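In what follows, a single structure is set out as structure tokens and then discussed.
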Amino acid sequence: VRQLVKQRRPPGFPPGPSPIPVIGNIFSLATEPHVFLKKQSEVHGQIFSLDLGGILTVVLNGYDCIRECLYNQGEVFADRPSLPLFKKMTKMGGLLNHKYGRGWIEHRKLACNSFRYFGSGQRLFERKISEECMFFVDAMDEHKGKPFNPKHLVTNAVSNITNLIIFGQRFTYDDHNFQHMIELFSENVELAVSGWALLYNAFPWIEYLPFGKHQKLFRNAAEVVAQAPRHYVDAYLDELEQSAGDPGTSYSRENLIFSVGELIIAGTETTTNTLRWAMLYLALYPNIQERVHGEIDSVLANGRAPSLEDKQRMPYVEAVLHEVLRFCNIVPLGIFRATSQDAHVNGYTIPKGTMVITNLYSVHFDEKYWKDPGVFSPQRFLDSNGNFVRREAFLPFSLGRRQCLGEQLARMEMFLFFTTMLQRFHLQFPLGTVPTVTPKLGMTLQPMPYSICAIRRQQTR
Ligand code: HEM
């Protein structure tokens, strides 16, 4: 009965598909939820509601609606939902899941400062990324043009950039302890939006069921906390020490561990997936790859290593990376938000504390802003003179108060890894194979495992 009472939409609440009693619309999210939700928005409007087993949820679709909420009403939509799963995993602390307020501000500021101070704001840091790029292409070379699955290598290389900022060091590609930790994180990113996770949010008592994927999620999280890295950000420890007498402080050893875990996984999974999709699409479209090779060779005379300064002279490379981010929708539904106060949008009223899903996929496939959105075409980011053009309805890093804080770092990494790799290699699939482009579902979209051959090019070192 409690569930049925909770299900009723409050007055002025956006409409939505009819829920099945008790479980609501949970199982309609089982396959490609972002596509399903966009289709629903064509029926119910850009802003509509869902019932996730008694948890009333608002879904935002299309560029106009998402901009109105996340940007024009930035503060109102800046919270995270107090879902049982998040409460259990990070006690609504850390950084990514922190409730909107002082604790979030403290953690976000500290992370942004650290990123600026130890990372993307520093010229020396570019050299460190370039060094990692070299380790990366050398490790690819070890396969001598034979087929291999690039997932682990890309993950290790990308996570090392975040590691440099967080721990001040990189891990070698055969460090199994670290790899194991990344695997646990990665598995949890997948499990976090599984049907079992959604069920757990609606019915936390299923914790006591001995089966179900949510159990695996809890076991993974416990294992990560148990082997928390020793060399933690000194900056955090300084703050912790300085705030010792302040009863309102959010700095704690626990929040330190949560936020480190979040930074590693938020930075690794996303950037890795982008690069893996980029490799897949380049092998799939040899004409696009040829144009990338041509641009790299003409800008990087005599095979010199790329630097960030070269970016503005490589509009085609930029266009390809942007099209991968648009088309592949690395974080298709963003990270769940919540209203921090009562909200009024498009004539609807959304009470404080309502869970909000931002369908970023629907922005990248918004027919009002994109012609033939279902076609992979880097050309759409170029003008008639071949110059790179920014497009408005492009939000892979989301928007507003909670927008991705690693965007700058991710852009640096993607450009340097991508150009270094394509400068040295021609990518192709093993003879007679073409991998599927259907994504593996989870909080992030990644390609299904595929094998690729990295053939050394003649032109370069
Ligand atoms: C949040 C995308 C790389 C750290 C987000 C969000 C998206 C996103 C969509 C959700 C924002 C919201 O709530 O609306 C991406 C993509 C990346 C990337 C596509 C790479 C291609 C990174 C990197 C880092 C990072 C490299 C750091 C190492 C974070 C953090 C948040 C976040 C900490 C939570 C921010 C908050 O709650 O205040 N990212 N991200 N991301 N990202 Fe990224």
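The values are calculated or read from the model by the stated rules, or taken from the named source; none is laboratory data. Everything quoted here is computed from the prediction, not taken from an experiment. Positions of Cβ are generated from backbone atoms using ideal geometry, with glycine treated the same way; all protein chains shown enter the neighbour counts.
Listed by first and then second residue, the pairs with beta-carbon distance under 8 Å, at least 6 apart or on different chains, first residue in region 356-383 and farther than 24 Å from residue 45 by Cβ, second among the hydroxyl-bearing types (Ser, Thr, Tyr) and modelled with pLDDT of 95 or more, are 376/281; 376/285; 378/316; 382/316.
Looking only at residues that are in contact with a Gly (Cβ under 7 Å, 6 or more places away or on another chain) and farther than 15 Å from residue 105 by Cα in region 259-276, which one is farthest from the ligand (Cβ to nearest atom)? In this case the residue turns out to be 262. Filtered by the rule that a residue be buried (at least 23 other Cβ atoms within 10 Å of the Cβ) and of a type in the set (Phe, Trp, Tyr), region 59-84 gives a lone residue, 77. For first residues located in region 402-417 and under 19 Å from residue 107 (Cα atoms) and in contact (Cβ under 8 Å) with a residue 60 or more places away in the chain, partners that are more than 9 Å from the ligand (Cβ to nearest atom) and polar (S, T, N, Q) and lie 6+ apart or on another chain with Cβ distances below 6 Å form the pairs 408/120; 409/120.
In the condition set (1) farther than 30 Å from residue 48 by Cβ; (2) within 16 Å of the ligand (Cβ to nearest atom); (3) hydroxyl-bearing (Ser, Thr, Tyr), residue 362 is compliant with all but (1). Given 77, 115, which one is near the ligand (Cβ under 9 Å from one of its atoms) and in contact with a strand residue (DSSP E or B) (Cβ under 6 Å, 6 or more places away or on another chain)? Of 77, 115, the one residue that is near the ligand (Cβ under 9 Å from one of its atoms) and in contact with a strand residue (DSSP E or B) (Cβ under 6 Å, 6 or more places away or on another chain) is 77.
Only a single criterion out of (1) within 11 Å of the ligand (Cβ to nearest atom); (2) among the polar types (S, T, N, Q); (3) more than 18 Å from residue 407 (Cβ to Cβ) is not satisfied by residue 159, namely (3). Residue 397 - would you say it is within 16 Å of the ligand (Cβ to nearest atom), in contact (Cβ under 8 Å) with a residue 12 or more places away in the chain and either surrounded by fewer than 20 Cβ atoms within 10 Å (Cβ to Cβ) or of a type in the set (Phe, Trp, Tyr) (or both)? Yes, satisfied.
Might you check whether a residue that is closer than 30 Å to residue 431 by Cβ and crowded, with 16+ Cβ neighbours inside 10 Å occurs anywhere in region 378-387? Looking through region 378-387, at least one residue is closer than 30 Å to residue 431 by Cβ and crowded, with 16+ Cβ neighbours inside 10 Å. Only one of the numbered conditions (1) touching a residue at least 24 places away in the same chain (Cβ under 8 Å); (2) closer than 17 Å to residue 355 by Cα is violated by residue 95, and that is (2).
In this structure, residue 323 does not satisfy being modelled with pLDDT of 95 or more, in a helix (DSSP H, G or I), more than 16 Å from the ligand (Cβ to nearest atom) and of a type in the set (Asp, Glu). Residues satisfying the criterion are absent from region 355-370 (criterion: touching a helix residue (DSSP H, G or I) at 6+ places or on another chain (Cβ under 8 Å), buried (at least 18 other Cβ atoms within 10 Å of the Cβ), at pLDDT 95 or above and on the phi > 0 side of the Ramachandran plot).
Please pick out the residue among 408, 423 that is away from the ligand (no atom under 11 Å from the Cβ) and not in a loop (DSSP other than H, G, I, E, B).
Values: 408 fails: away from the ligand (no atom under 11 Å from the Cβ).
The unique qualifying residue is 423.
Taking the conditions exactly as written (buried (at least 20 other Cβ atoms within 10 Å of the Cβ) and more than 20 Å from residue 329 (Cα to Cα)), does residue 287 satisfy them or not? Answer is no for this residue.
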